[in-house]
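To start, the structure itself, in structure tokens.
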Amino acid sequence: MRTRFGPQGADYAEKFARIVGAEGVLSGPAAERAYDCDAYSVDRSSPALVLLPRSTNEVREIVAACLESNIPYTARGAGTGLSGGALPALGGLVISTKKLTQILEIDLANRAMRAQCGVTNKKLSDAVRQDGLHFAPDPSSQTVSTLGGNIGENAGGPHTLKYGVTAPHVLGVTMVTPEAEVLELGGKVAGLAGSELIGLIVGSEGTLGIVTEAWVRLTVVPTHVETALIAFPSVRQATETVSEIIAGGIIPCALELIDHGILGALRAAFNLQYPEGTQAMLLVECDNGGQGVAGTTADEVRSDIRRISELCERNGAIHVRVAKDEAERAKLWEARKKGVGAMGRLAPSVVTHDGVIPRSRLPEMLDFVYAVAAKHNVGVANIFHAGDGNLHPCFYFDDRDPQQVERVVGAGEAVIRKCIELGGSVSGEHGIGVEKLDLMALMFTEDDLALQQRAKTVFNRGELCNPCKVLPNQKSCVEHRKRWRGVAW
Amino acid sequence: MKPLAELTSHCIRCGFCLEACPTFTETASELESPRGRIYLVRSADEGKIQWEDVRPHLDRCLGCRACETACPSGVEYGAILEIARDRLNRLRPNLARKFLLKTTTTPVLLRFNLAAGRLLGSKVPEPFSRMISGQSPEANQPKAQSMGNFSPLTGEDLPDVRGEIYLLEGCAMRVLYPRVHQATRRLLRRIGFTVREVPQGCCGAMHAHNGELADARGKARALVAAMPGDLPIIVNSAGCGSTMKEYESLIGPEGEAFAARVTDLSEFLLAYGLKERLTDAPGLREPLTYHDACHLAHGQKIRSQPRELIRAIPNVDYRELGEADTCCGSAGIYNLTQPALARQLIERKYRHIQATGAALVATGNPGCHAWIAQAAAEHGQTVRVLHTAELLEMAFDAAPFTA
């Protein structure tokens, strides 16, 4: 069954081709299929048309035409989102940013860069690597995910622990508002007009408009980095060690946990080596970047990683390996960052959850995750940002079986309920999208949600711009939701 | 071959393939991406969309398999593509493409074509291109390389013959690149191997890549029969080697032992000591670079071996090529079936080549060789394209290559 709302594609293809050119319009059954979900495939809904604009002005013209003809639209970057943020919930248009891939200006003296929002995260960093700088947010999808998507989701990543999520690294945005106006907030220099509103835009999941360009902050690349991979014979020993490391006064720049559920896939995919009997691994990195958090000299960084290693050994670690050079470090990070992508070796589909808890509760939380997976009879692996308590239980299953889809949704809900019970949050970095709409009420009261709705209304009064996302119970969304979930297969 | 349902089920939509895919980065369209194509094939296989809706997007796929290198889940995209194309060919045969495959892979027809083609100018004729692709032509007519004037290999430092190997002569290779085979034989002799000559046909790679699986299987079985025993089978054409190493999947158990014997020339030369032989060679002084043929880098995971050999050339000024393992757009017959996209990709490739400042480019596949050579000619012939075997032989004896 195809879900199509708003216009029939063909009627409007010509109209939009006048804006973006014939090559910028994708239509027909294949386009409707290929763009009906992102990397979260439990919910699917087809667009009527997909547009590939080449400039901010074309985006503005598209939005103006949508206003005029009452067509819903949803922005999409690389489609690597994990909560269905790019799902065209009410059909209409998918507006892809993948033709907006220019880096527009690099200002080394002011450590700032202006880029179009379809540029991949990694290309931002690559462009200034030779100058000793980078764009610090590093979501695991960074080789493909876009600046626009990172801004929409306020993306995190392993190094969030020390360098923070996307928001503090965005100095300015150019966006097309739902009223089809081009709005500039902030800019190259901190504190420009509108810069205090950037915090509202970053993380709004494309519901307040479409960001087309941004000024981002460039950060000095640390000159000394030490990375260790530490094997534990049980998950509990690893999780208990995590809070001890931080309690011990060292904040590594990254502290990741990988459990037995995915180690085999990582060995097959990336030749990741670990001793027999390993049930969990910690990937720990210390560097001399940033200000005053960790050691600032090479010796201090080495001493930090040594202290962490010793602590791990006291806690029963069976193997500690410190990467000997940049190449080995890069290989470890490749295995970590592309790790979830290796789960296709285990099952046809994966849902990666994203709850947050106080890291001191990690041991009992992980026990709970395994128990939930067993109870709902779904496979689970954990590969996540343990240092800041940001869980990623990855439930793997066969999405062709509707019962399994239901069980996975149930297991996810149980995990998120537990996160909130432990004093945590419904999402760390993957966003709410459509995946966690129902779970918002677990964390926010009706008053909270009403306030968020009002804040949204300041930018987005209508129901066309990325409808049915983030805030539950939006008008005209509830009945359509039944069509999205698990229906495609 | 595994069924499509099984092959496509390993894609969990992470999207790590996207930036590796040349047609995605050129078009920005999910429909022209590996993830999109896998999803479309899976959907058609399950009856959710029509196969005809998938066709144009599989037609636009280069089959370069860069997505396989990028894929953490080990999705066998090449196999998915071949099976899905076979399905499409059976639904509606593409006669023009069948004809093209036939003429390219049958030496006698190819020779006739070369002769006839000279009467028709340098480009592939417009009506022919229109019929194949619906677009104006970009590729020149194939032109055969002339034989090199090599002096016989003699001398005290030539090692004793220590073994025999089979050499795949290939269908197009033997007609278009005879000097590459000469250089190959000489390099093999320099490390003590001679070629056992046997009558042999086409390996079926082009047919497999284009989804003519019945034809590919027939040719594969004939080739297996033509090279019995356990001698190593040396291949100097990336596309052929890649398919021959996957004969088990193509023709079943009878292909298994054969596939295990298939070795790319660069692997063999490195394993049997050409690097050491090179230390006594006069070497080369021109700045040079290396372009990874897709079916070496992505199809066979061969990246370091050719580079290691090239870097062992005395006095070498080797410069690494940007996006070295991104497809040049030749992709078998792709520059005939999709001229516009192929043109975009060769220009992108050539920009990177120029940026290295190299005077010589080596590569290990006839398709890339001809296509990059055409670009070099169009851009004022400041760069020469050679097969890796030619470059290495040139390091020993440059004269036959300068004539």
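What are the pairs with Cβ atoms under 7 angstrom where one residue, in segment B:130-143, is within 18 Å of B:ASN94 (Cβ to Cβ) and the other, located anywhere, is basic (Lys, Arg)? Sequence gap at least six, or different chains. Between residues of segment B:130-143 that are within 18 Å of B:ASN94 (Cβ to Cβ) and residues that are basic (Lys, Arg), the close pairs are B:ILE132/B:ARG97; B:PRO137/B:LYS123.
Name the residue that is farthest from the other protein chains (Cβ to nearest Cβ), counting only residues in segment B:49-62 that are in a loop (DSSP other than H, G, I, E, B) and more than 12 Å from A:ALA34 (Cβ to Cβ). Reasoning before the result, please.
Start the filter on segment B:49-62 by keeping residues that are in a loop (DSSP other than H, G, I, E, B), which leaves B:49-50, B:60-62.
Subsequent filtering for residues that are more than 12 Å from A:ALA34 (Cβ to Cβ) retains B:50, B:60-62.
Numbers: B:GLN50: 7, B:ARG60: 11, B:CYS61: 13, B:LEU62: 18 Å.
Filtering segment B:49-62 for residues that are in a loop (DSSP other than H, G, I, E, B) and more than 12 Å from A:ALA34 (Cβ to Cβ), the one farthest from the other protein chains (Cβ to nearest Cβ) comes out as B:LEU62.
Regarding segment A:475-487, can at least one residue be identified that is of a type outside the set (D, E, K, R), free of Cβ contacts under 8 Å to residues at least 60 places away in the same chain, closer than 30 Å to A:GLN404 by Cβ and not assigned by TED's automatic domain parsing to the domain that holds A:VAL405? Yes: one or more hits.
Among the residues of segment B:279-302, write down those that are surrounded by fewer than 20 Cβ atoms within 10 Å (Cβ to Cβ) and part of a loop (DSSP other than H, G, I, E, B).
Across segment B:279-302, the qualifying residues are B:THR279, B:ASP280, B:PRO282, B:GLY283, B:ARG285, B:GLU286, B:LYS301.
Condition check for A:ALA374 on (1) surrounded by fewer than 23 Cβ atoms within 10 Å (Cβ to Cβ); (2) under 30 Å from A:ASP399 (Cα atoms); (3) within 14 Å of chain B (Cβ to nearest Cβ); (4) without any contact (Cβ under 8 Å) to a residue 24 or more places away in the chain: one failure, at (3).
Which helices (runs of 4 or more DSSP H) does segment B:186-247 wholly contain that include 1 or more residues that are within 30 Å of B:ALA398 (Cα to Cα)?
Working: elements: B:205-209, B:213-226, B:238-244.
Once the helices (runs of 4 or more DSSP H) in segment B:186-247 are filtered for at least 1 residues that are within 30 Å of B:ALA398 (Cα to Cα), what remains is B:238-244.
Of all residues in segment B:342-358, those that are in the same structural domain as B:CYS368 (by TED's automatic domain parsing) have Cβ atoms under 6 Å from Cβ atoms of residues that are part of a helix (DSSP H, G or I) and not aliphatic (A, V, I, L, M), 6 or more apart or on another chain, in B:ALA342/B:TYR334; B:ALA342/B:ASN335; B:GLN344/B:GLU26; B:LEU345/B:PRO22; B:ILE346/B:TRP371. Would you pick out the residues in segment A:14-43 that are more than 10 Å from chain B (Cβ to nearest Cβ) and of a type in the set (Lys, Arg)? Once the filter is applied, which keeps residues that are more than 10 Å from chain B (Cβ to nearest Cβ) and of a type in the set (Lys, Arg), segment A:14-43 yields A:LYS15, A:ARG18. A single member of B:GLY380, B:GLY329 is under 14 Å from the mean Cα position of the chain (by Cα) and either at positive phi or surrounded by fewer than 24 Cβ atoms within 10 Å (Cβ to Cβ) (or both), and it is B:GLY329. I'd like to know if segment A:198-221 contains one or more residues that are within 20 Å of A:LEU366 (Cα to Cα), touching a Leu at 6+ places or on another chain (Cβ under 9 Å), more than 14 Å from chain B (Cβ to nearest Cβ) and outside any strand (DSSP E or B). No; the residues of segment A:198-221 include none that is within 20 Å of A:LEU366 (Cα to Cα), touching a Leu at 6+ places or on another chain (Cβ under 9 Å), more than 14 Å from chain B (Cβ to nearest Cβ) and outside any strand (DSSP E or B). Among the residues of segment A:53-102, write down those that are within 13 Å of chain B (Cβ to nearest Cβ), surrounded by fewer than 24 Cβ atoms within 10 Å (Cβ to Cβ) and touching a Lys or Arg at 6+ places or on another chain (Cβ under 7 Å). The answer is A:ARG54, A:LYS99. Of the residues B:GLY74, B:GLY15, B:GLY36, the single one that is modelled with pLDDT of 95 or more, facing chain A (nearest Cβ under 7 Å) and surrounded by fewer than 20 Cβ atoms within 10 Å (Cβ to Cβ) is B:GLY74. When segment A:246-271 is limited to residues that are surrounded by fewer than 24 Cβ atoms within 10 Å (Cβ to Cβ) and aliphatic (A, V, I, L, M), the one that is nearest to the other protein chains (Cβ to nearest Cβ) turns out to be A:ALA269.
Any residue in segment B:27-45 that is in contact with a strand residue (DSSP E or B) (Cβ under 9 Å, 6 or more places away or on another chain), part of a helix (DSSP H, G or I) and within 30 Å of A:GLY79 (Cβ to Cβ)? Yes: one or more hits.
Any residue at all in segment B:362-385 that is touching a Ser or Thr at 6+ places or on another chain (Cβ under 8 Å), among the small types (Gly, Ala, Ser), outside the structural domain of B:CYS64 (by TED's automatic domain parsing) and not in a helix (DSSP H, G or I)? Yes, that holds for at least one residue.
Condition check ((1) closer than 26 Å to B:ARG277 by Cβ; (2) in the same structural domain as B:ALA373 (by TED's automatic domain parsing); (3) crowded, with 22+ Cβ neighbours inside 10 Å) across all residues:
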{"residue": "B:PRO178", "(1), (2), (3)": "yes, no, no"}
{"residue": "B:LEU187", "(1), (2), (3)": "yes, no, yes"}
{"residue": "B:PHE193", "(1), (2), (3)": "yes, no, yes"}
{"residue": "B:PRO199", "(1), (2), (3)": "no, no, no"}
{"residue": "B:CYS202", "(1), (2), (3)": "no, no, yes"}
{"residue": "B:LEU223", "(1), (2), (3)": "no, no, yes"}
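Look at (1) out of contact with any Leu (no Cβ under 6 Å at 6 or more places or on another chain); (2) modelled with pLDDT of 95 or more; (3) over 27 Å from A:ASN70 (Cα atoms) and you find that A:ALA193 fails only one, number (2). Could you grab me the full set of residues in segment B:303-315 that are assigned to a loop (DSSP other than H, G, I, E, B) and free of Cβ contacts under 8 Å to residues at least 40 places away in the same chain? Residues satisfying the conditions are B:ARG303, B:ALA312, B:ASN315.
Would you check if A:GLU326 is charged (D, E, K, R), more than 14 Å from chain B (Cβ to nearest Cβ) and either closer than 24 Å to A:GLU276 by Cβ or touching a Pro at 6+ places or on another chain (Cβ under 8 Å) (or both)? Don't jump to the end; show me each part of the working.
Details: charged (D, E, K, R): yes; more than 14 Å from chain B (Cβ to nearest Cβ): yes; either closer than 24 Å to A:GLU276 by Cβ or touching a Pro at 6+ places or on another chain (Cβ under 8 Å) (or both): no.
Here the answer is no, as A:GLU326 does not meet what is asked.
For segment A:109-130, filtering for residues that are touching a residue at least 40 places away in the same chain (Cβ under 8 Å), more than 14 Å from chain B (Cβ to nearest Cβ) and of a type in the set (A, V, I, L, M, F, W, C) leaves 4. Among the residues of segment B:144-158, those that are touching a residue at least 60 places away in the same chain (Cβ under 8 Å) and surrounded by 13 or more Cβ atoms within 10 Å (Cβ to Cβ) comprise B:GLY148, B:PHE150.
Across segment A:333-371, what is the total count of residues that are assigned to a helix (DSSP H, G or I) and within 14 Å of chain B (Cβ to nearest Cβ)? Steps first, please.
First, the residues of segment A:333-371 that are assigned to a helix (DSSP H, G or I): A:333-337, A:340-345, A:359-371.
Add one more test, that the residue is within 14 Å of chain B (Cβ to nearest Cβ), and what stays is A:333-337, A:340-345.
So the count comes out to 11.
If you go through segment B:299-345 and pick out every residue that is within 20 Å of B:PHE268 (Cβ to Cβ), out of contact with any Leu (no Cβ under 7 Å at 6 or more places or on another chain) and not small (Gly, Ala, Ser), you end up with 6. Within segment B:204-221, the set of residues being on the phi > 0 side of the Ramachandran plot and either without any contact (Cβ under 8 Å) to a residue 24 or more places away in the chain or surrounded by fewer than 24 Cβ atoms within 10 Å (Cβ to Cβ) (or both) comprises just one member, B:GLY211.
When the test is whether a residue is modelled with pLDDT of 95 or more, farther than 26 Å from A:GLY424 by Cβ and in a loop (DSSP other than H, G, I, E, B), A:GLY295 does not pass it. Per the conditions (1) at the interface with chain A (Cβ under 8 Å from one of its Cβ atoms); (2) within 25 Å of B:LEU341 (Cα to Cα); (3) surrounded by fewer than 20 Cβ atoms within 10 Å (Cβ to Cβ), the sole criterion not satisfied by B:GLU26 is (1).
Can you tell me which residue is nearest to A:LEU67 (Cα to Cα) among those in segment A:452-467 that are in contact with a Cys (Cβ under 9 Å, 6 or more places away or on another chain) and not acidic (Asp, Glu)? So that I can check it myself, show each step before the final result.
Filtering segment A:452-467 for residues in contact with a Cys (Cβ under 9 Å, 6 or more places away or on another chain) gives A:459, A:463-465, A:467.
Subset that is not acidic (Asp, Glu): A:459, A:464-465, A:467.
Working: A:PHE459: 14, A:LEU464: 8, A:CYS465: 10, A:PRO467: 14 Å.
Across segment A:452-467, the extreme among qualifying residues is A:LEU464.
The values are calculated or read from the model by the stated rules, or taken from the named source; none is laboratory data. This structure is a prediction, so every number in the text was calculated from the model and none was measured. Reconstructed Cβ throughout: ideal geometry from the backbone, glycine too, with neighbour counts over all protein chains shown.
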